[in-house]
1. Which residues, taken from region 132-156, are more than 16 Å from residue 16 (Cα to Cα) and loosely packed, with under 14 Cβ neighbours inside 10 Å?
2. Taking the condition of being more than 17 Å from residue 71 (Cβ to Cβ) and surrounded by fewer than 19 Cβ atoms within 10 Å (Cβ to Cβ), how many residues in region 107-121 meet it?
3. Spot the failing condition for residue 90; the list is (1) modelled with pLDDT under 95; (2) crowded, with 20+ Cβ neighbours inside 10 Å, and only one is missed.
4. So, residue 112, is that one in a strand (DSSP E or B), at pLDDT 95 or above and farther than 23 Å from residue 55 by Cα or not?
5. State whether the residues of region 20-35 include one that is over 24 Å from residue 172 (Cβ atoms) and touching a residue at least 12 places away in the same chain (Cβ under 8 Å).
6. Please list, ordered by residue number, the strands (runs of 3 or more DSSP E) wholly in region 1-99 having 1 or more residues that are within 22 Å of residue 111 (Cβ to Cβ).
7. Report, by residue number, each residue of region 130-176 that is in a helix (DSSP H, G or I) and closer than 15 Å to residue 70 by Cα.
8. Quick one: how many residues across region 93-104 are touching a helix residue (DSSP H, G or I) at 6+ places or on another chain (Cβ under 7 Å) and surrounded by 14 or more Cβ atoms within 10 Å (Cβ to Cβ)?
C-alpha cells in the first residue's frame, strides 16, 4: 500500500468531518497508521469545513496534508482552494450536483458524481457524503468496503446505517 493523503472539503453540515472520521476509523481497524485533522470555521454549519486523513503503514511525521493523493470536494470554494494540492495522477471526486465548474487539471483523475441527487433519490440528501466516500473507496481500494460498513455500524447512528450503506453502494457503483 502506498501512503494515502486525502482532503475532504465542503460546507459545515455536509458531513465532511464524519466522512474523514469514518475513513480514519476504518484504516485503524485495518492496522494502518492514521491521522485525522479537522478544520472548520467558527460559523460551523454553513461555513467552510475540511479535514485531512493520512493512511499509511509507515510512521506519520505530520498530520498536515500538502500533497494530497485524493480530494473530495462538495462545493466550489473547496475545489477552488484544494485542486492545486492534489498530486499528478491523484483523484479528485466532486459532487456535480453542487458545483458549477469542472476540474481544470488534466493530470489528475477527475470523477464528477451527482451525489446530492443520488442521495435525494435514495431518501435523504444528507448522505451525499457517503456516496462520495463510496466512490473513493471503490476507486482507490484504500480500505475495504466491509471495513467502512463495520465502522458505520460501530460509530455511526443506527437510524442512518441502512441508508448510508445504500449511499456507499451507489457511490462505488458509479466508479466501477
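The values are calculated or read from the model by the stated rules, or taken from the named source; none is laboratory data. The model shown is predicted, which means the values in this text are computed figures rather than measured ones. Cβ sites come from the backbone with ideal geometry, for glycine too, and all protein chains shown count toward neighbours.
1. Residues satisfying the conditions are 141, 144, 146, 153, 154.
2. 4
3. Status for residue 90: all satisfied but (1).
4. Judged against the criteria, residue 112 is a match.
5. Looking for residues that are over 24 Å from residue 172 (Cβ atoms) and touching a residue at least 12 places away in the same chain (Cβ under 8 Å), one finds at least one in region 20-35, hence yes.
6. On the way: elements: 4-11, 33-40, 48-56, 68-73, 86-95.
Once the strands (runs of 3 or more DSSP E) in region 1-99 are filtered for at least 1 residues that are within 22 Å of residue 111 (Cβ to Cβ), what remains is 4-11, 48-56, 68-73, 86-95.
7. 132, 133, 134, 135, 136, 137, 138, 139, 140, 175
8. 7
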